[in-house]
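The values are calculated or read from the model by the stated rules, or taken from the named source; none is laboratory data. All values derive from a computational prediction rather than experimental measurement. For neighbour counting, all protein chains shown are included, and Cβ atoms are generated from backbone atoms with ideal geometry for every residue, glycine included.
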Amino acid sequence: MHAPAQHLDARLQLRDRGARDLRTTADPPQFGVHGGELVGRVDLKADRKSSVLRAQRISWEPRVSPAAVEALGADNARYVRTDVTDEAGVAANVAAAKEFLGGLNVAVNCAGILGAGRVLGKDGPMKLSQFQTTVLVNLVGSFNVSKACADLMQHNEAGADGERGVIVNTASVAAYEGQIGQAAYSASKGGVVGMTLPMARELARFGIRVMTVAPGVFWTPMVDGMPENVRTSLEATIPYPARLGKPEEYADLVAYILGNTYLNGETIRLDGATRLAPK
């Protein structure tokens, strides 16, 4: 339920929160927005003790938003419209992102569609094409972008602990307790969770980490369109804190993952102790 409608676009801004020994390399563009994915470069150096790079803000906007690029500056961000299910297109645009950024060592997969629908609905069984499309975008799309980024990351110069890159995928709590009408969505997000460990194990020899975040109910454009009473009812189902997740909380977790090289091959729930009811 964290994912808005089709073709989610995002941007991520980072800041150093008082880390005395932490610095970034001189002024490379840090992140580019890539067809609903965040692909970017973060070069961290620690003189004595490493510190955590935290995110200041992550904001979500449907489709293309020139304001997102404008806010970060045209020299620091670029939007490239991409079909995440297109193998050649993704490979070409990831390569373009690397060239623009001057390097590529972080990829955050955020693109997704809800794909809601009952197996046996009022109008008959769910069309197989609906199930296939949901899995194609959410699961195959995440794999497609991940492999394209990993292919470039493997050639990076090794950093601390021999690290050459980090891939963060986005699943959902629906991967664990999907609701009625979420068979396709839950299957797609369950697949993202399932591929996290084997992908991390395989890419370990290249110094590439793979992590997944499974958000609960987050404030997104999809939620913006809900009536106030529906939103209030939704918030009441969240144990603590009883509110929707904030995009910057997702960003903070991603930034922590980037700064902690011992996190690998795991899915982290970010959900305020939410457990989805059957419906």
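At a glance:
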read-out: Among the candidates 161, 252, residue that is in a helix (DSSP H, G or I) and surrounded by fewer than 14 Cβ atoms within 10 Å (Cβ to Cβ); value: 161
read-out: Single match in 142, 129 (criterion: of a type in the set (Ser, Thr, Tyr) and within 16 Å of the chain's Cα centre (by Cα)); value: 142
read-out: Of residues in the range 222-279 being aliphatic (A, V, I, L, M), in contact with a helix residue (DSSP H, G or I) (Cβ under 6 Å, 6 or more places away or on another chain) and under 15 Å from residue 176 (Cβ atoms), the one modelled with the lowest pLDDT; value: 276
read-out: Every residue from the range 65-89 that is in a helix (DSSP H, G or I) and either among the hydroxyl-bearing types (Ser, Thr, Tyr) or under 30 Å from residue 134 (Cβ atoms) (or both); value: 66, 67, 68, 69, 87, 88, 89
read-out: The range 181-237, subset farther than 24 Å from residue 140 by Cα and β-branched (Val, Ile, Thr), residue surrounded by the most Cβ atoms within 10 Å (Cβ to Cβ); value: 223
read-out: In the range 215-235, the residues that are assigned to a loop (DSSP other than H, G, I, E, B) and within 22 Å of residue 254 (Cα to Cα); value: 216, 217, 219, 220
read-out: Every residue from the range 183-209 that is more than 15 Å from residue 161 (Cβ to Cβ) and hydrophobic (A, V, I, L, M, F, W, C); value: 183, 184, 187, 192, 193, 195, 197, 199
read-out: Subset of the range 255-279 [among the small types (Gly, Ala, Ser), buried (at least 18 other Cβ atoms within 10 Å of the Cβ) and in a loop (DSSP other than H, G, I, E, B)]; value: 272
read-out: First in the range 116-139 and closer than 14 Å to residue 186 by Cβ, second anywhere and among the aliphatic types (A, V, I, L, M) and surrounded by fewer than 15 Cβ atoms within 10 Å (Cβ to Cβ), Cβ under 8 Å, 6 or more apart; value: 118/180; 126/119; 126/120
read-out: Scan of the range 90-122 for residues that are assigned to a loop (DSSP other than H, G, I, E, B) and surrounded by fewer than 17 Cβ atoms within 10 Å (Cβ to Cβ), ordered by number; value: 102, 116, 118, 119, 122
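Conditions (1) among the hydrophobic types (A, V, I, L, M, F, W, C); (2) in contact with a helix residue (DSSP H, G or I) (Cβ under 6 Å, 6 or more places away or on another chain); (3) touching a residue at least 40 places away in the same chain (Cβ under 8 Å); (4) more than 18 Å from residue 107 (Cβ to Cβ), marked per residue:
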residue: 153; (1), (2), (3), (4): yes, no, yes, no
residue: 157; (1), (2), (3), (4): no, no, no, no
residue: 160; (1), (2), (3), (4): yes, no, yes, yes
residue: 166; (1), (2), (3), (4): yes, yes, yes, no
residue: 180; (1), (2), (3), (4): yes, no, yes, yes
residue: 183; (1), (2), (3), (4): yes, no, yes, yes
residue: 188; (1), (2), (3), (4): no, yes, yes, yes
